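The values are calculated or read from the model by the stated rules, or taken from the named source; none is laboratory data. This one's a predicted model, so the numbers in the text were calculated from it and none came from an experiment. A quick note on method: Cβ atoms are made from the backbone with ideal geometry, for glycine too, and the neighbour counts reach across all protein chains shown. Areas reflect the complete protein model, heavy atoms only, side chains present, ligands, DNA and RNA absent. Shrake-Rupley method; radii C 1.70, N 1.55, O 1.52, S 1.80 Å.
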Amino acid sequence: MSWIENYVRPRIQQLVRRTPTQSDLWRQCPACGQMIFHQDLDRAQMVCPNCSHHMRIGAKARFDLLFDADGHDVLTMPQTPADPLKFRDQKRYTDRLKDAVNKNGPGDALKAAAGRIDGMPAVVAVLDFAFMGGSMGAAVGAGFVASVRAAIERKAGFVAITASGGARMQEGILSLMQMPRTVAALGMLKDAGLPYIVVLTDPTTGGVSASFAMLGDIAIAEPGAGIGFAGQRVIKETIGQTLPEGFQRAEYLYDHGMIDMVVTRAEMKATLGRVLSLLMQPTRAVANLPALVADTAKADAAAPAQAGVALKPGGKASRARATEPKQPETKQAEATKAEPRT
Amino acid sequence: MLTPLAFERPVLELEARIEDLRKLGQHDDLDLSEETQRLEAQIEKSLAQLYGKLTPWQRVQVARHPNRPRALSVINALIDDFTPLAGDRLYGEDEAIIGGIGRLKGRSVVVIGQEKGGDTASRVKHNFGMAHPEGYRKAMRLMDLAERFKLPVVSFVDTPGAFPGIEAEERGQAEAIARCLQKGLEIETPFVAAVLGEGGSGGAVAIAAADKLLMFEHSVYSVISPEGCASILWRSAEQAPEAAEALRMTAKDLYDLGVADAIVPEPVGGAHRDPQAAIQSLGDAIVSALGETEAGGVTGAELKRRRRERFLKIGG
């Protein structure tokens, strides 16, 4: 309309806009120190191509990685009292919250979305470590309860992806009470017969690890993720000893029987889709059973094509399903009808 | 003898003077009873004054007082035929959490309590009330027992927190706390928890997500110790008094925040001056909390539903 809009405004925007600098284009891996070009890093899902270090990623990136390409609904999180204790240390809690919102966008540390993972209905709740260390206060607790209710409503599997330093101490005892709150929510999910899968990412400690994070029907961790109850500094101070190599890492928890599997980011979607399918569609597995029992040779031959989903962890077969989720389902349903179980 | 608290100095000085007078009276045949009575009245008055306006940080000191009623002394006084039960059936016996069956005013109950110990030897034995995973797994086992025999669960909270150590982590401290919490929310039997002294974070809530939460008047319950909070947010543990205030961790705070259901009054000058009187009030409070929980002959399933609802909305 006017020269202000057509000429002046773009000029001002151009002046204000940051030009990409060297540090935007290259990122250093915090584990091995390798400089990685940002496009390469994005393509690798924020996993270092040199040392496979899994860098921390936010909720949106998680949703994009896990949900099928046909989209997902980001759930609206409930409103909670912002600063119940009027907490103030060297800084007001409300100011810390404002800073966190300015840096990370609106909401709190927990974000959730509903969609499909390799065709399976799922609600995914993600704790974002960038938002005040993923700490759990009333907003996270209420969001968790709402996400569980959304899963029940949609008869969907519930996936929690954790990254948290623990309870949000600025909410005092009310933050501690989010531990029983989230655990109570899982009780509803259990009553509804829906699966709960936890993906533990770096870091998961304190009140989050000692509540919903450790209660998954299936517990998965990303490689190298630090997972534990007490922080390493606290343990060191308490016992006055150096900590063993790899202490509280995902692999350490696996070795001590605390988790089911360590799964790379690249394999995560396929693994979740497969596990959800196995738990939520028990008859699909039955369709393959007669062949496996009756004729081993035939079953072996069929395996890569049909049963590959179950046999090859995170293989291409399972991911291929994502593109046409409906077709194999109908085929197998017919097969079940044709071959009655004995 | 009572372990002195710094802020009690004026009272302690008066007590010392009474002691001196007594000694004097033994030597000479002087009648000092009038003077003694005067001093005692003064003590009573200044204790009431001091304890009437304790700062949160002072309350933390009282809550940690070594002469306060602890789980074992409470059990000895309130529970008849107490039969301790040991072990988690998985790894070991953890004496930071004691448990068993016994009778509270004639009624069989399952008791679970965190015990800090009273002297150096017993503190070591009970690991200062800091449980390992075994302690929480024993608590779960006892909750299962309670449910099987339809017995109420009464838990006593008094811990600085769950033990932070290599073995505790190895054996799944976080998982043990989470499962214990889950078990407490699932049992279809009445469940009353009482904070005796210090309710320290996840290690405390693991056995305290109950139908009713009672707190001794001078007990505290917090997501983190004031020292820990201060060293993170103020970058120095010396700011613990400020942190104690900011955390809103006293019994009255928790009552106002809707987390605690009742405050159990303590004798003037704190439970450590008259533990037996404090324990008797606690006993009455537990019995009435159990009565309220079960009012109207509520079913076990309904108890569980209500407990779940209570926590589903906690914090707004």
Is it fair to say B:GLY165 is small (Gly, Ala, Ser) and closer than 29 Å to A:ILE227 by Cα? yes
Restricting to region B:83-128, name every residue that is among the aromatic types (Phe, Trp, Tyr) and either closer than 16 Å to B:ALA194 by Cβ or touching a residue at least 60 places away in the same chain (Cβ under 8 Å) (or both). B:TYR91
Please find, within region B:21-68, the residue that is most open to solvent (accessible area, probe 1.4 Å) out of those that are part of a loop (DSSP other than H, G, I, E, B) and farther than 19 Å from B:GLU8 by Cα. B:ASP29
Which of the numbered conditions does B:ASP88 fail, given that it passes all the others? Conditions: (1) in a loop (DSSP other than H, G, I, E, B); (2) under 15 Å from the mean Cα position of the chain (by Cα). (2)
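Going by the conditions given, is B:GLU175 within 11 Å of chain A (Cβ to nearest Cβ) and open to solvent by 10 Å² or more (accessible area, probe 1.4 Å)? I'd like the intermediate steps shown before the answer.
Numbers: within 11 Å of chain A (Cβ to nearest Cβ): yes; open to solvent by 10 Å² or more (accessible area, probe 1.4 Å): yes.
So B:GLU175 fits the description; yes.
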How about region A:235-268: which of its residues are under 23 Å from A:ALA167 (Cα atoms) and open to solvent by 60 Å² or more (accessible area, probe 1.4 Å)? A:LYS236, A:GLU237, A:THR238, A:ARG249
So B:ARG137 fits all but one of (1) touching a Phe, Trp or Tyr at 6+ places or on another chain (Cβ under 9 Å); (2) assigned to a helix (DSSP H, G or I); (3) within 11 Å of another protein chain (Cβ to nearest Cβ); (4) within 30 Å of A:GLU251 (Cβ to Cβ); what number is the exception? (3)
Going by the conditions given, is B:GLU188 closer than 29 Å to B:LEU303 by Cα, open to solvent by 10 Å² or more (accessible area, probe 1.4 Å) and assigned by TED's automatic domain parsing to the domain that holds B:ILE97? yes
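Answer yes or no as to whether B:GLY92 is surrounded by 15 or more Cβ atoms within 10 Å (Cβ to Cβ), in the same structural domain as B:LYS212 (by TED's automatic domain parsing) and closer than 23 Å to B:MET215 by Cβ.
Numbers: surrounded by 15 or more Cβ atoms within 10 Å (Cβ to Cβ): yes; in the same structural domain as B:LYS212 (by TED's automatic domain parsing): yes; closer than 23 Å to B:MET215 by Cβ: no.
No: the conditions fail for B:GLY92.
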Taking the criterion of being out of contact with any helix residue (DSSP H, G or I) (no Cβ under 6 Å at 6 or more places or on another chain), over 18 Å from B:GLY203 (Cβ atoms) and free of Cβ contacts under 8 Å to residues at least 12 places away in the same chain, would at least one residue in region B:141-151 satisfy it? yes
Which one is most open to solvent (accessible area, probe 1.4 Å) among residues in region B:290-316 that are in contact (Cβ under 8 Å) with a residue 40 or more places away in the chain and of a type in the set (Gly, Ala, Ser)? B:ALA301
So B:VAL287 ticks every box in (1) among the hydrophobic types (A, V, I, L, M, F, W, C); (2) within 16 Å of B:ALA63 (Cα to Cα); (3) open to solvent by 10 Å² or more (accessible area, probe 1.4 Å); (4) not in a loop (DSSP other than H, G, I, E, B) but one. Which box is left unticked? (2)
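Hey, among B:SER222, B:SER231, B:SER155, which residue is of a type outside the set (A, V, I, L, M, F, W, C) and under 20 Å from B:GLU95 (Cα atoms)?
Working: B:SER222 fails: under 20 Å from B:GLU95 (Cα atoms); B:SER231 fails: under 20 Å from B:GLU95 (Cα atoms).
Only one candidate qualifies: B:SER155.
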Please determine whether any residue of region A:161-174 is of a type in the set (Val, Ile, Thr), under 16 Å from the mean Cα position of the chain (by Cα) and under 18 Å from A:LYS60 (Cα atoms). yes
Test set (1) within 13 Å of chain A (Cβ to nearest Cβ); (2) in contact with a Pro (Cβ under 8 Å, 6 or more places away or on another chain); (3) in a helix (DSSP H, G or I) - B:ARG307 fails condition number: (2)
State whether the residues of region B:140-148 include one that is in the same structural domain as B:LEU282 (by TED's automatic domain parsing) and either aromatic (Phe, Trp, Tyr) or modelled with pLDDT under 95 (or both). no
